[in-house]
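Enquirer: Structure incoming, see below.
The values are calculated or read from the model by the stated rules, or taken from the named source; none is laboratory data. In this text the structure is predicted, and so the values were computed from the model without any measurement. When we count neighbours, we look across all protein chains shown, and the Cβ atoms used for this are built from the backbone with ideal geometry, even at glycine.
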Amino acid sequence: MHEKSLMDDLMRKIFALAQEQKAKKITRVQVKLGALSHMSKEHFKEHFDIAAQGTIAEGAKIEAEESQDIDDSNSLFVVLKAIDVCT
């Protein structure tokens with residue numbers, strides 16, 4: 001369940017940014033995976049692909065950085081670093 005809530009929150013942020021930019025397509029998503037988020041790059045991509053299915057984010061390239069710092073204030077989270085869009 002933790003992964004689903006992280007992904008739901010992230011997708012809300014992604015779609016809000018895309019809407020602000022009047023995006024027709026999200027082409028790239030760059031994130032930082034917190035050390036305690038329980039997400040590997042592969043696991044994140046699986047969850048992202050499911051969440052993005054049928055949306056403007058479907059097929060977006062994923063760039064995920066895995067943090068090992070458990071003392072980072074974002075260690076429990078998936079932090080959105082950037083998105084690239086087509087308008």
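Enquirer: Do you know which residues across the range 56-71 are part of a loop (DSSP other than H, G, I, E, B), within 14 Å of the chain's Cα centre (by Cα) and surrounded by 14 or more Cβ atoms within 10 Å (Cβ to Cβ)?
Expert: Those that are part of a loop (DSSP other than H, G, I, E, B), within 14 Å of the chain's Cα centre (by Cα) and surrounded by 14 or more Cβ atoms within 10 Å (Cβ to Cβ): I56, A57, A60.
Enquirer: Within the range 38-54, how many residues turn out to be over 14 Å from M7 (Cα atoms) and either touching a residue at least 24 places away in the same chain (Cβ under 8 Å) or surrounded by 14 or more Cβ atoms within 10 Å (Cβ to Cβ) (or both)?
Expert: 0
Enquirer: Please enumerate the residues belonging to the range 1-55 that are polar (S, T, N, Q), part of a loop (DSSP other than H, G, I, E, B) and over 20 Å from V85 (Cβ atoms).
Expert: S37, S40
Enquirer: Ok, one more. What pairs can you find where one residue is in the range 8-37 and modelled with pLDDT of 95 or more and among the hydroxyl-bearing types (S, T, Y), the other is part of a strand (DSSP E or B) and surrounded by 13 or more Cβ atoms within 10 Å (Cβ to Cβ), and their Cβ atoms are less than 9 Å apart, with a gap of 6+ or different chains?
Expert: Correct list of pairs: T27/I83; T27/D84; T27/V85.
Enquirer: Quick one: in the range 57-87, which of the residues that are among the β-branched types (V, I, T) and in contact with a Phe, Trp or Tyr (Cβ under 8 Å, 6 or more places away or on another chain) is nearest to S40 (Cα to Cα)?
Expert: Residue satisfying both the conditions and the ranking: V78.
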